[in-house]
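Note sheet for the following structure.
The values are calculated or read from the model by the stated rules, or taken from the named source; none is laboratory data. Because the structure is predicted, anything quoted here is derived from the model rather than measured. Reconstructed Cβ throughout: ideal geometry from the backbone, glycine too, with neighbour counts over all protein chains shown.
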Amino acid sequence: MTRESWSTLLGRQAVSKKNLSFYAPTIVEGKPVVHVSSNQFTHLQKKYENLVIGGFVGKKLPFGFVHETLTRTWKLKNLFIMKEYGESMFSFEFRSEEDRKQLLEMGSLHIASQLFILRPWKLFIEAEFSDLKTIPIWVVIKKFPMELWDDEGFGRVASTIGTPLFVDNLTESMTRTSYARVCVEIDTKCTYPDHATVVLDEKRIFKIPFEYNWKPQRCTRCDVFGHSEQNCPKRKLENKKNNGDKVWVQTGAIIVEEEEHVRGYEKQKEGGSLTDSNDKTMEPRDIKGKESVNEKHTKMDDDKWETPRKRHTARATTAAECEDNEMTVVQG
């Protein structure tokens, strides 16, 4: 008897036409690990090398809103193609290299008070956006020697800050030589040096000053960009625990089996009786030998429940008590 394939059993229309292959993973410390090489993605590098990837630091905003805002802000000569890229990013494709350079020169911007970061596409850029450990910034380099005014010179000097990416159009064309403007990718360890020291022939020493128009917020505790150490969510939670601030914790659930004559009625009044929409008092009654609804509730502290309807209850306590009782702390 011939065994049917899984694709046939699942329905060929619901699955892809090609079958996947099995690749044995490497086992490291008892866990499977997938090993890949950059050489496997040469075709992707050629396909996406002109793309620009953008992503928010924080919550992703709606596609239509972002597209409209960028169209109005960039004011490019030609239309651009914007697509979803992965789970939380957008890709941008341009009809001219001039438009691409123009928006990269503008750099990161704020949309609805949220930082939107732009950077050229590269392999596995998704990982960088999920843990924002690097970020591109523009650096103004003054008193830049004309002898170093080329790609190598910009690269050498800017490498004292981070990883050089590119210069702006005015710098490249030497239309403006009073200063150079270079985009540099920095990490959370960047010290923002105020100058670079250049040594000529081991004899002459001169300095090239740097200026930063924007220094992104970073948290040394989390080792990421996007928020400061002062506003670190981990720090706020630790402060609450150390100060013994009251927090709300879930202590359990009171589930009441409501009979037909109870459903649809209002909350219980202070007197312990239930009232219907006509304000008629309905006394609790014993059903099949069980305790009545009101009798169950009178045995519990008032601060531990809200209503006889199915609802989780909570009470106020300190963070220290939470830890002693192995409770989960939920911030309000």
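Looking at PRO193 and the list (1) within 28 Å of ASP223 (Cβ to Cβ); (2) surrounded by 14 or more Cβ atoms within 10 Å (Cβ to Cβ), which single condition is not satisfied?
It fails just one condition, (2).
Going through region 61-72 one residue at a time, which ones are surrounded by 10 or more Cβ atoms within 10 Å (Cβ to Cβ) and more than 19 Å from PRO136 (Cα to Cα)?
The answer is LEU61, PHE63, PHE65, VAL66, HIS67, GLU68, THR69, THR71.
Of these, LEU70, LEU104, which one is under 24 Å from the mean Cα position of the chain (by Cα), closer than 16 Å to LYS122 by Cα and assigned to a helix (DSSP H, G or I)?
None of the others qualify; the one that does is LEU104.
Could you tell me which of the residues MET106, MET82 is aliphatic (A, V, I, L, M) and touching a strand residue (DSSP E or B) at 6+ places or on another chain (Cβ under 7 Å)?
Just a single option satisfies the conditions, and that option is MET82.
Kindly indicate the residue of region 107-123 that is surrounded by 14 or more Cβ atoms within 10 Å (Cβ to Cβ) and not in a strand (DSSP E or B) and also modelled with the highest pLDDT among those meeting that condition.
TRP121
Are any residues in region 200-220 of a type in the set (Asp, Glu) and within 42 Å of the chain's Cα centre (by Cα), and if so, which ones?
The one that is of a type in the set (Asp, Glu) and within 42 Å of the chain's Cα centre (by Cα): GLU211.
Could you pull out every one of the strands (runs of 3 or more DSSP E) wholly within region 124-224 that has 3 or more residues that are in contact (Cβ under 8 Å) with a residue 40 or more places away in the chain and not basic (Lys, Arg)?
134-142, 179-187, 204-212
If you go through region 88-95 one residue at a time, do you hit one that is modelled with pLDDT of 90 or more, buried (at least 17 other Cβ atoms within 10 Å of the Cβ) and over 30 Å from PHE63 (Cα atoms)?
no
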